[in-house]
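Right, one structure below, let's go through it.
What follows is calculated from the coordinates using simple rules that are stated; it is not laboratory data. Source: prediction; values computed, not measured. Note: ideal-geometry Cβ built from the backbone for every residue, glycine included; neighbour counts use all protein chains shown.
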Amino acid sequence: MFNKSIFKKGFLIVTVFLLIGVISGCNLVQMTPEAKKKQVVAKVGKEKYTKQEFDNYFTLNQMIAQAMYGQEFPTEGEELEQAQKQYLEYFANDQLTVQLGKNEKIKVDTDKKKISEQVTQFKKSYQEALGGEEKYKEILKKNGITTEEFDQYLNDFFVDSQYAQGLQEKVVKDVKISDEEAKKYYEENKKQYDPSTVSAKHILADKEHKSLAQEIAKKAKNGENFDTLMKEYKEKEGISEAADLGEFTYGKMVPEFSEAAFALEPGEVSDVVESTYGFHVIKVEKKNKKPVQSFEEVKDSIKQELLYNEQSQKYQEYLNTKMKEITIKTYPEKL
């Protein structure tokens, strides 16, 4: 959750409605941009959260997606509405973790100098990643946020993040992974630690075209050139892919595919292999056999992976329980 989620403290802002003029003889209720910002868009327990708070949250996630992953958020229409609706759910759930952290009396560092330094470093790093200060300000402007508003949000964010992080650490602190558990996992998944590789090509038919895969397999097993078959079938309806996959280890592909590929010798063609993607016909070009890594070589990485999985599961179970106890409501129509 902490890799992708952002936490924001709720401001005590009351929704404001303004009555404006008489138009065509009728009294109309309209809202200024400032009043819209103060609309309540989420409730978590007794706490209310405004559109302004959500807009800051959405903007921060937009910057992270663009700077770290090169992903552009939609800017208009139905796609924007869907993105906002999804992030409003994330926003509400993140507020829950902050509330829970406060309820658990998680200790946080509110030293203004330290927080200010974090904000300054964030702005410097993200302005560079986004292409400069002007690009940073442009994103804020498009979302109707001033630099001052966003600076204040970041100050609150760096405090609230401590509540959420501290809560997770407290919930999972007793989770441990023994050497015996790691050894058991290693023995049951030893193929993951085999650095041997295979170089292969495949033709993949979708789930509705198994007969097409059977046709290709028959031709390939009867000696027809596999590269020629790839070119012939690549553009046909029902063929998802016809490609040279290059060199890969067992763990890089889905189990059904790897099981078949590693069982073949160079030059051999598989029968039809079903996976979650559809139906494959595989030809192996090369095999490079290497010794399997010993348990001692991979023990620490296994324990770390298992620990992460166990902690994530325990924390999610904790949150699921709390979500049943605390009512969360979102109002996407007010965005």
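Axis of helix 133-142 versus longest Cα principal axis of the chain: the two differ by about 70°, to the nearest ten degrees. Using the alpha carbons alone, the radius of gyration of the chain stands to its Kirkwood radius in an Rg to Rh ratio of 1.11. Approximating the spin labels as points 7 Å out from Cα along Cα→Cβ, the residue 138-to-residue 105 distance works out to 5.0 nm.
Kindly express, to the nearest 10 degrees and within the range 0 to 90, the angle between helix 179-188's C-alpha long axis and the longest C-alpha principal axis of the chain. Roughly 50 degrees between the two axes. Its convex hull of Cα atoms gives region 167-254 a direction-averaged projected area, equal to a quarter of the hull surface, of 10.2 nm². The 3J(HN,Hα) values that the Karplus relation (6.51, -1.76, 1.60; θ = phi - 60°) gives for region 198-211 are, in residue order, 10, 10, 8, 10, 8, 10, 10, 9, 6, 4, 8, 10, 4, 4 Hz. Gly and Pro appear as x.
Just to confirm the filter: which GluC sites (Glu not before Pro) across region 124-219 are DSSP coil and have at most 15 other Cβ within 10 angstrom of their Cβ? When the GluC sites (Glu not before Pro) of region 124-219 are filtered for loop state and at most 15 Cβ neighbours within 10 Å, 208 remain. Straight-line reach from residue 184: taking Cα to Cα under 21 Å and skipping same-chain neighbours fewer than 8 places apart, the lysines in range are 176, 299, 303, 314.
The mean sequence separation of alpha-carbon pairs under 8 Å and at least six residues apart, normalised by the residue count of the chain, gives a relative contact order of 21 percent. Axis angle, to the nearest 10 degrees, between helix 112-130 and the longest C-alpha principal axis of the chain: 50 degrees. Exceedance of the 21 Å cut-off in Cα-Cα distance is limited, within the set 37/113; 191/252; 236/283; 113/135; 48/107; 46/173, to 37/113; 113/135; 48/107; 46/173.
Length available on full extension from residue 221 to residue 247: 0.36 nm per residue minus the Cα-Cα distance, which gives 7.1 nm.
Each Lys and Arg Cβ is given +1 and each Asp and Glu Cβ -1; about its Cα centre, region 195-288 then shows a dipole of about 120 debye. Hydrodynamic estimate: the Kirkwood radius of region 89-186 over Cα pairs, inserted into Stokes-Einstein at 25 °C and 0.890 mPa s, corresponds to D of 152 µm²/s.
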